[in-house]
Every structure is written in structure tokens, then in C-alpha cells.
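Right, one structure below, let's go through it.
Any read-out appearing in this document is the output of simple, stated calculations on the displayed coordinates, not a laboratory observation. Every value quoted in this text rests on a predicted model; they were computed, and no experiment measured them. Quick reminder, even Gly has a Cβ in these numbers, built from the backbone with ideal geometry, and neighbours come from all protein chains shown.
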């Protein structure tokens, strides 16, 4: 029991020193060079995330090593409790005396730092249970266990994306989460999932450390092509993206999007479309001309025809007037003069009517701006079809 107590005191001292000075604790292990930031490209937050998952999946060795490294980077007594819990679980599974002793030591450290912490009662109960188990370990066995634990180099890769896989150094794809021992040195890690951009990481792995990668995959953009009335303006979620028809597809963030297609003199088309990650979407939108626009065109056309009539009758009036002057004083000249006056009257009337019709038609065309509804439903909804290509 004296040897066990002495070992507990030494380990507790090392734990306290690691909380006060990570460099001093590392120097005691003879690995000060490995504590530099370049030796740990993964962050404390990543280590804690993967350590939590490792604990839940029974990967207690990785959880312990990752939590210790995270504590060196960001000292926090709460991490001691998590380390103690991991040692306890591994002890309950394997029954190793070293794990029991380490769990007791870290529970002691947590309770010394947080005697009234929110989880202190649970820590005391766990500590009492471990201390009630009479088990000893000699100094040599303890040293070997500590050295073996320190020399292991581990890598964990996780991702919240369903179906994600990882390739290490261009090896075969492996399902996530992945917990492996890895050789020190440079390694390339690529996390992939269908419909998402690859997450790539280059690691320079130092001996005796745990590395955790919690990959956040960005979805691949959807590709959208819109065919519609030439010159129609296309908006997505209120943002102008181009003029139809598109020369080439545009990249759009996947998900549910509100598509708006507008053109002067046509009813706008508004619809909600679901764009899938990495898929190509071909959308055809038929815009319907408004009644006002059609009326404006007809009035303008009628005005143009009437003006043409005015010009023709004006020419006829001038021609007959010339003929009347050439045959002045004759019956034929009088008839030509009468026709000239009739044509002049018709030309004047048609000129006024033509100008009026053209003016009204032009006003209808210029001010034909139908109100745009951002709802995908409504009487102005134009027909549309969409085809998705994977």
C-alpha cells in the first residue's frame, strides 16, 4: 500500500504541474519539443469533440490521450474529470490496475480544484467506489504502463455528415468515425461525402500524440440553367443572377430557393424550387404576356396603320390638287379638286386618330410593369417545368 500511495502522489503532482505549466509537464516527460503548436495541428476544440465521441464509442485510450493534450493547451479542471471517467471506464472493461490508479488520481485532482463543482458529488462516489477495490501495482509495472501510454500515436477522424469516408495517404476509403494508430511523419487526410466538397488536411504527426480531425464538409453547389423568354431577368431569393436564356449553368447554394423570372410586359413567374447538392437543374419557364401589353401592341399597330392611311390619303390629296391645277376651269379639274379636299379631310382625321392610338398604345406598353409577388402561388403564375440531372 505504501508503494501505491507514493505512486498516487507522484502522478497527482504531475497532473497539477500540467495544469499550471504545460511546458514543465512536457519537460518531465522529455518531450518538450513535441508540445509546440507545429506538432499539434489540430485544435483543443477538435480534440475535445473527437475525445467525447471516442469515449461514447469505447475508444478510451484515444479519449484519454486527446483530453490530456487539450488540457495542456487550455487547462481546465473539468477535463480532469473527463480523463478520470475515461480511465474508470477502461478499468471496468479491462481491469488494469494502472487505469484504476490514474482514475483515482484525476478524481482527486478535480475535487481539489472544484470541491463544490456541479459534478463533485458524482466524482466523490466514483472515487469511493474505486478506492474500495483493493488492488495494488508495483513501481515497475506502473512505469511500463505509463511509458506504453505515452508512446502511442493516434489519429481520429470524425464528421457529422452522413455517409462520409476518409482516405489517408491515398489509401482505401474508410467509414467514419475512424480511430487508428498511425506512424509519425507527414500524412494527407481527405474526408469525402456524396454531394459535398472534400475536406483535405495535411498533418505532420509527432510521435506520442493524438490527433483529432472533426471535419465540417461544405455542400457542393447546385447548378441551375434557366430557359425562358429571351431577355427575361432571373432572380433567386431576391438576388439578380442573370438574363435568360443562360449561356451556361450558374452555381447556386443547394436547398429550397425562391425563383423569380420577370420581363417587361409579361406576368412574372415565382416558384419555389429544391436544388440538390451537386446536381444540375434545367428549368424552363414560360412567361405569359399581360393583357395590357397585348392591348398596347394592338393599339400601337392600329395607330401605325391609321397613320399609314393618313400618309396615303395625304399623297392622294396632293396628287388630285396638282391635277386640278393642271385642269383648272374644266369639269375634270373641278372633280379633281373635290377629291383632293375629301382626301385631305380623311388624311387629317386619320392623322389625329393614328397619333392618338399610337400614344395610348405606347403609354400602355411603357407603364406595363405587373406587380411581383414573392409567393410561389398566384394568378400570375406562369407555367414551368424542371429537370434534374445528376
Report summary line: Ordered by fewest other Cβ atoms within 10 Å, a rough proxy for footprinting exposure, 50, 180, 353 read 180, 353, 50
Query raised in the report: What is the order of 289, 162, fewest Cβ neighbours within 10 Å to most?
Result: 162, 289
Query raised in the report: Which semi-axes, in whole Å and largest first, does the equivalent ellipsoid of the stretch 291-366 have when worked out from the alpha carbon gyration tensor as the square roots of 5 times its eigenvalues?
Result: 36, 7, 7
Query raised in the report: Can you list the equivalent-ellipsoid semi-axes of the stretch 192-247, largest first and in whole Å, using the square root of 5 times each Cα gyration tensor eigenvalue?
Result: 44, 10, 9
Query raised in the report: So what are the three principal axis dimensions of the stretch 146-194 from its Cα atoms, in whole Å, longest to shortest?
Result: 42, 20, 12
Query raised in the report: What's the extension gain from residue 247 to residue 96 if we count 0.36 nm per residue and subtract their Cα-Cα distance?
Result: 47.5 nm
Report summary line: Averaged over all viewing directions, the convex hull of the alpha carbons in the stretch 196-318 casts a projected area in nm² of 12.3 nm²
Query - Which of 91, 181, 62 has the fewest Cβ neighbours within 10 Å, and the rest in rising order - result: 181, 91, 62
Report summary line: Quick calc: nm separation of the 7 Å Cα→Cβ label points for residue 218 and residue 341 -> 8.5 nm
Requested in this report: Take every Cα-Cα distance within the stretch 222-287, group them into 10 Å bins from 0 onward, and report for each bin the whole-number percent of pairs it holds.
Outcome: 23, 60, 16, 1
Query raised in the report: Roughly how many whole Å is it from the C-alpha centroid of the stretch 162-234 to that of the stretch 95-118?
Result: 38 Å
Report task. State the extension gain, in nm to one decimal, for the chain segment bounded by residue 294 and residue 143, taking 0.36 nm per residue of separation less the distance between their alpha-carbons. Result -> 45.1 nm
Requested in this report: Can you tell me how much longer the chain between residue 330 and residue 198 gets when fully stretched, taken as 0.36 nm per residue apart minus their C-alpha distance, in nm with one decimal?
Outcome: 37.6 nm
Report task. Mind giving me the FRET efficiency for residue 366 and residue 240? R0 is 25 Å, r the Cβ-Cβ distance, nearest 0.05 is fine. Result -> 0.70
Query raised in the report: Could you give the semi-axes, largest first, of the ellipsoid that matches the stretch 46-107, computed as the square roots of 5 times the alpha carbon gyration tensor eigenvalues and rounded to whole Å?
Result: 18, 14, 8
